[in-house]
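**Student:** Before anything else, here's the structure in question.
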């Protein structure tokens, strides 16, 4: 079953966003007599069910929250971070829309909107089409973690051109008939994952279990989702063969003893500290810019 999405923005009575508010999503029938209530729904950070999302979780710095769930009706609790009385949305989060909403374009020009985040933008025209991406991170829009899917369904070439920013280090990206890609922002520039058979690079989408050592190597030519169980401390680690635009996910599991330390690769920047709890899973995803990997989501712990 395809996942749907629950998303919104937490604001105060003056309409200003409340950053870091706690959001709990409950299945029906929901009991909201505790914080968080029960039963808690199973959540994911992505529509493909690849990366779980801890429930409850925190809204971002602009008060936005987003989670992928099975289609249905949910109750949402919002509390914490200065909210005196919890706010409850009951039976208002009916999820009936597809997990990836479609923005179908048929003209010869289109300027991408910040609200196109996580959408599939299809373009269908017999002549050349110009798609403009506003500057990444400008005016608190197209910030780190913003992404959209693009697909050319027409016979005219679609050229995607960022304003000021670059895409994969270049001024533009062209899609011919039936080509598509995912474009994401690191807050300054854009990077792509392309659905093009002839695309270069050594990335290999998939999952691999990395054998524990104190100095493990995460090889992106093997897979881009790495799972490792810590049976001791990792004093250093290495990420190799990643390519620009590649999404990388690390799943770091504590053994039954717990309190194992983990040193991230030096080219994985601003990663969060993993959980020390025995048997816990710390999961974080990154995008590689050709030199370093930067977070596109906060660390989740399950």
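Taken together, the values in this text are just the output of simple stated rules run on the coordinates, not laboratory data. From a predicted model like this one, the values you see are computed outputs, not experimental measurements. So basically every Cβ, Gly included, is an ideal-geometry build from the backbone, and we count neighbours across all protein chains shown.
**Student:** Order the peptides 38-44, 80-86, 276-282, 50-56 from the highest to the lowest mean number of other Cβ atoms within 10 Å of their residues.
**Tutor:** Numbers: 38-44: 16.9, 80-86: 11.7, 276-282: 15.0, 50-56: 18.6.
Averaged packing, sorted descending, gives the order 50-56, 38-44, 276-282, 80-86.
**Student:** How much space per residue, in cubic angstrom, does the convex hull of the C-alpha atoms of the chain take up?
**Tutor:** Numbers: hull volume 43.9 nm³, N = 302.
So the per-residue hull volume is 145 Å³.
**Student:** Which distance in Å, rounded to a whole number, links the C-alpha centroids of region 1-49 and region 125-196?
**Tutor:** Using only Cα atoms, the two centres lie 30 Å from each other.
**Student:** While we're on this one: If you count, for each residue, the other Cβ atoms within 10 Å and average over each peptide, how do 291-298, 165-172 line up from highest to lowest? Walk me through the numbers on the way to the answer.
**Tutor:** Numbers: 291-298: 18.1, 165-172: 16.0.
Ranked from most to least packed, the peptides come out as 291-298, 165-172.
**Student:** Provide the gained length on full extension for the span residue 278 to residue 12, in nm with one decimal, where the gain is 0.36 nm per separating residue minus the Cα-Cα distance.
**Tutor:** Values: separation 266, 0.36 × 266 = 95.76 nm, distance 3.80 nm.
Going from the current span to full extension adds 92.0 nm.
**Student:** Please compute the length gained on full extension between residue 141 and residue 27, using 0.36 nm multiplied by the number of residues separating them and subtracting their Cα-Cα distance. Before the final figure, lay out the partial values.
**Tutor:** Numbers: separation 114, 0.36 × 114 = 41.04 nm, distance 3.19 nm.
This chain segment gains 37.8 nm when fully extended.
**Student:** Share of antiparallel DSSP beta bridges in region 102-194, in percent to the nearest 5?
**Tutor:** Details: 14 of 31 bridges.
So the antiparallel bridges amount to about 45 percent of the total.
**Student:** Measuring from label point to label point, each 7 Å out along Cα→Cβ, what is the residue 86 to residue 38 span in nm?
**Tutor:** With each label point 7 Å from Cα toward Cβ, the separation is 1.3 nm.
**Student:** Give me the Kirkwood hydrodynamic radius of region 156-302, using the inverse of the mean 1/r over all pairs of distinct Cα atoms, in Å to one decimal.
**Tutor:** Numbers: mean 1/r = 0.0614 Å⁻¹.
With all distinct Cα pairs of region 156-302 included, I get 16.3 Å.
**Student:** Let me ask something else about it. Arrange the peptides 248-258, 145-155 so that the one whose residues have, on average, the most other Cβ atoms within 10 Å appears first.
**Tutor:** Details: 248-258: 18.3, 145-155: 20.7.
Peptide ranking by packing, descending: 145-155, 248-258.
**Student:** Take region 102-194, drop everything but the C-alpha atoms, weight them equally and run the Debye formula without solvent; then report log10 I(q)/I(0) at 0.14, 0.15, 0.24, 0.26 Å⁻¹ to two decimals.
**Tutor:** Summing over Cα pairs of region 102-194 leads to -0.41, -0.48, -1.23, -1.42.
**Student:** Ok, one more. Go ahead and set up a Gaussian network model of the chain, Cα springs under 10 Å, then flag whichever of 88, 158, 23 fluctuates most.
**Tutor:** Maximum among the listed residues: 88.
**Student:** Let me ask something else about it. For residue 172 and residue 159 in the same chain, what is the full-extension length gain: residue separation times 0.36 nm, less their Cα-Cα distance, in nm?
**Tutor:** Stretched out fully, the residue 172 to residue 159 stretch lengthens by 4.0 nm.
**Student:** Where both residues lie in the chain, what percent of DSSP beta bridges are antiparallel, nearest 5? Kindly include the intermediate steps, with their values, before the conclusion.
**Tutor:** Working: 50 of 81 bridges.
Once the DSSP bridges in the chain are tallied, antiparallel ones form about 60 percent.
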